[in-house]
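Okay, structure first, notes after.
Each reported figure results from applying straightforward, stated rules to the coordinates on display, with no laboratory input. Only a predicted model underlies this, so the values are computations on that prediction, with no experimental measurement involved. Cβ placement follows ideal geometry from the backbone for every residue including glycine, while neighbour counts extend to all protein chains displayed.
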Amino acid sequence: MKIATFNINGIKARLEALPRWLDHARPDVVALQEIKSVDEAFPRALFEDLGWRVETHGQKGFNGVAILSRLPLEDVRRGLPGDESDEQARWIEATVIGESRAVRLCGLYLPNGNPVTFDAADQPEASGKYGYKLAWMERMRARAADLLATEEPVVLAGDYNIIPQPEDAARPETWTRDALFLPQSRAAFRRILNLGYTEAIRAQHPQPGVYTFWDYQAGAWERNNGIRIDHLLLSPQAADLLTGSGIDKAERAGEKPSDHVPVWIELEA
DNA sequence: ATGGTTGCGTAGCAA
């Protein structure tokens, strides 16, 4: 079972690039982020006609996640538990029925968290957008812990908006006061990992300079000024099934690209 | 260097 995550930065803007990549990469299931569309406006028929099951969790203008699958999906859930007042569409779950195993897939778009404000002691304040990010990560930790208790294969795939370590950025020194790289952000990411999840790309591609995002601005792609912020976390039962992984970097050089590229794993399932 | 670019939606925000 090939599982991919791809922040497409707007479904309307990717109506050519996304089907082209799907045809080329042939994943079985894809978690999409930043569809930037309400459910009713998602071009469902276009993908269904190409053979995809489509489950969306959208909102107007911003955010929005979806799952495309060639395999059957069961028990689809929308929204991250833990705050009924949270209206941002950033989480979708489904059970993917593979040939030999079922896999619980969570597609996530973790809040960016910028801008960050700092107090008199130059510490980041846990309020505003950054406070929302940290609170969201604590809710995700609780959900990730509940899913571990099922002892089923679980994959947490998406745009985490977290640079885990300095080697995951071409210029880490420029990110030190950014919500993607603050110590508090990285610690919150480690708290999820340390429940017992495996970070698939780091496990299989431990070398520095492996990126998944290059900003549209200031020639970031041409200068290879990238960061690695799209991740797939595997429960122990999923990690046991891991046979391969990769990053489709070439997509960033294609026609009208997203600023993120697809990241994928292969599971024996 | 307070620049630079893209998407959504059609102004200005988010990233």
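Table for the structure above
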| quantity | calculated |
| --- | --- |
| Segment A:95-116, subset among the small types (G, A, S) and either surrounded by 24 or more Cβ atoms within 10 Å (Cβ to Cβ) or within 11 Å of DNA strand B (Cβ to nearest atom) (or both), residue farthest from A:F62 (Cα to Cα) | A:G107 |
| Failed item in (1) buried (at least 23 other Cβ atoms within 10 Å of the Cβ); (2) touching a helix residue (DSSP H, G or I) at 6+ places or on another chain (Cβ under 6 Å), with A:K133 passing the rest | (2) |
| Residues within segment A:114-158 that are more than 30 Å from A:L71 (Cβ to Cβ) and within 15 Å of the chain's Cα centre (by Cα), tallied | 1 |
| Condition check for A:R191: within 26 Å of A:G128 (Cβ to Cβ) and either buried (at least 17 other Cβ atoms within 10 Å of the Cβ) or more than 16 Å from the chain's Cα centre (by Cα) (or both) | yes |
| Matching residues in segment A:19-39 - criterion: being within 11 Å of DNA strand B (Cβ to nearest atom) and either surrounded by fewer than 16 Cβ atoms within 10 Å (Cβ to Cβ) or assigned to a helix (DSSP H, G or I) (or both) | A:V38 |
| Subset tally (residues that are among the small types (G, A, S), closer than 30 Å to A:A220 by Cα and touching a residue at least 24 places away in the same chain (Cβ under 8 Å)) for segment A:247-269 | 3 |
| Filter result (among the acidic types (D, E), farther than 14 Å from A:H205 by Cβ and in contact with a strand residue (DSSP E or B) (Cβ under 9 Å, 6 or more places away or on another chain)) within segment A:252-269 | A:D259, A:E268 |
| Selection from segment A:215-238 of residues that are surrounded by fewer than 20 Cβ atoms within 10 Å (Cβ to Cβ) and not in a loop (DSSP other than H, G, I, E, B) | A:P236, A:Q237 |
| Sole residue being under 19 Å from A:L73 (Cβ atoms), surrounded by fewer than 16 Cβ atoms within 10 Å (Cβ to Cβ) and either among the hydrophobic types (A, V, I, L, M, F, W, C) or in contact with a helix residue (DSSP H, G or I) (Cβ under 8 Å, 6 or more places away or on another chain) (or both), chosen from A:A45, A:A13 | A:A45 |
| Any chance A:D122 is of a type in the set (D, E, K, R), within 25 Å of A:D240 (Cα to Cα) and within 16 Å of DNA strand B (Cβ to nearest atom) | no |
| Selection count where residues are within 26 Å of A:L193 (Cβ to Cβ) and within 10 Å of DNA strand B (Cβ to nearest atom), scope segment A:214-261 | 5 |
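Condition check ((1) farther than 25 Å from A:P72 by Cα; (2) of a type outside the set (A, V, I, L, M)) across all residues:
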| residue | (1), (2) |
| --- | --- |
| A:V96 | no, no |
| A:S100 | no, yes |
| A:D119 | yes, yes |
| A:Q123 | yes, yes |
| A:S127 | yes, yes |
| A:Y130 | yes, yes |
| A:K133 | yes, yes |
| A:W136 | yes, yes |
| A:R141 | yes, yes |
